[in-house]
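Visitor: Here it is, the structure in full.
The values are calculated or read from the model by the stated rules, or taken from the named source; none is laboratory data. These numbers were taken from a predicted model, which means no experiment stands behind them. A quick note on method: Cβ atoms are made from the backbone with ideal geometry, for glycine too, and the neighbour counts reach across all protein chains shown. In case anyone asks, the SASA skips ligands and DNA or RNA and just uses the protein heavy atoms, side chains included. Shrake-Rupley method; radii C 1.70, N 1.55, O 1.52, S 1.80 Å.
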Amino acid sequence: MDRYLIAIGGGSLADKTTAKIDKYIADLAKARAGERRAVGVFIGTASHDSMPYFNTFRKTYTSDFNIKADCILSVYGEMNEEKIKSKFEKADLIYIGGGDTLFMLDWWKKKGIFELVLDAYNRGVVIAGLSAGAICWFKKMYTDSQFVNGKDDYKYSICDGIGFLEGICCPHYEERISDFDREFASIDESLAWGIEGDNCIVFKNGEYLESLSSGGKSYKILKNNDMIEKQLLK
């Protein structure tokens, strides 16, 4: 079965600014479910299991697309390992919300959630994420997590991601373009992805497939002998 990763650069579920992208994701989940009603599981670890965030996801994916919405709650011990695993097993879609990326990855490793996400991806469950939930899949990620947690004097820094996808990913690219481009030019990496809010890039079986806009743009950024080439993705 084909494996999909959809990386959304930013936007607002509540204000429906990513509606075109959300429909694309919902259609993939429905295709996987076939005649069953598709199930979408929201993971809000990066926002410390924010229930208002989950409720926004549910209003969008259930009300607009008839996806049965569920969530993983792990940060405060509401669900045991068996219950969390059962939710992954029923999912046709896993949607990972934004927030503190480094906290999220560290927590997933501590609680065994990373292995469940990996297993779901390998089984063809559609994986989508916004901001923190988008950048974590890449080899490197441009994040403000260290600043948020008081560990860095700079607002943004490049940190290690999971490494499913090659390159460095920068979300909210329209807001960070000058800082990120300067940082990318100064390090020993040759590939980056800049994703604006209300835009996503889609990877199928680990390879770039397409970019989808609900208002924003995305770019593939290449560096060769200190020369930067920026390609608008379509």
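Visitor: Go through region 212-228 and report how many residues are modelled with pLDDT of 95 or more and open to solvent by 20 Å² or more (accessible area, probe 1.4 Å).
Guide: Filtering region 212-228 for residues modelled with pLDDT of 95 or more gives 212-222.
If we keep only those that are open to solvent by 20 Å² or more (accessible area, probe 1.4 Å) as well, we get 212-215, 217, 219-220, 222.
Final tally of qualifying residues: 8.
Listed here are the residues, each with its yes/no results for (1) open to solvent by 70 Å² or more (accessible area, probe 1.4 Å); (2) at pLDDT 95 or above; (3) closer than 18 Å to Cys170 by Cβ; (4) over 18 Å from the mean Cα position of the chain (by Cα).
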| residue | (1), (2), (3), (4) |
| --- | --- |
| Asp64 | yes, yes, no, yes |
| Ile67 | no, yes, no, yes |
| Cys71 | no, yes, no, no |
| Lys90 | yes, yes, no, yes |
| Leu130 | no, yes, yes, no |
| Ile135 | no, yes, yes, no |
| Thr143 | no, no, yes, no |
| Phe147 | yes, no, yes, yes |
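Visitor: Cβ-Cβ distance below 8 Å, separation of 6 or more or different chains: which pairs start in region 49-73 with a residue that is under 22 Å from Thr101 (Cβ atoms) and touching a residue at least 40 places away in the same chain (Cβ under 8 Å) and end on one that is among the hydroxyl-bearing types (Ser, Thr, Tyr) and part of a strand (DSSP E or B)?
Guide: Every condition considered, the pairs that remain are Phe57/Tyr95.
Visitor: Separate question: Looking at region 1-45 only, could you name the residues that are among the charged types (D, E, K, R), part of a loop (DSSP other than H, G, I, E, B) and farther than 29 Å from Lys140 by Cα? Working first, answer last.
Guide: Going through region 1-45, the residues among the charged types (D, E, K, R) turn out to be 2-3, 15-16, 20, 22-23, 27, 30, 32, 35-37.
Narrowing the set further to residues that are part of a loop (DSSP other than H, G, I, E, B) leaves 2-3, 15-16, 35-37.
The answer is Asp15, Glu35, Arg36, Arg37.
Visitor: Within region 74-87, which residues are assigned to a helix (DSSP H, G or I) and either in contact (Cβ under 8 Å) with a residue 12 or more places away in the chain or of a type in the set (Asp, Glu) (or both)?
Guide: From region 74-87, those assigned to a helix (DSSP H, G or I) are 81-87; that's our starting set.
Of everything in region 74-87, those that are assigned to a helix (DSSP H, G or I) and either in contact (Cβ under 8 Å) with a residue 12 or more places away in the chain or of a type in the set (Asp, Glu) (or both) turn out to be Glu81, Glu82, Ile84, Lys85, Lys87.
Visitor: Could you count how many residues in region 1-44 are more than 16 Å from the chain's Cα centre (by Cα) and crowded, with 22+ Cβ neighbours inside 10 Å?
Guide: Final tally of qualifying residues: 1.
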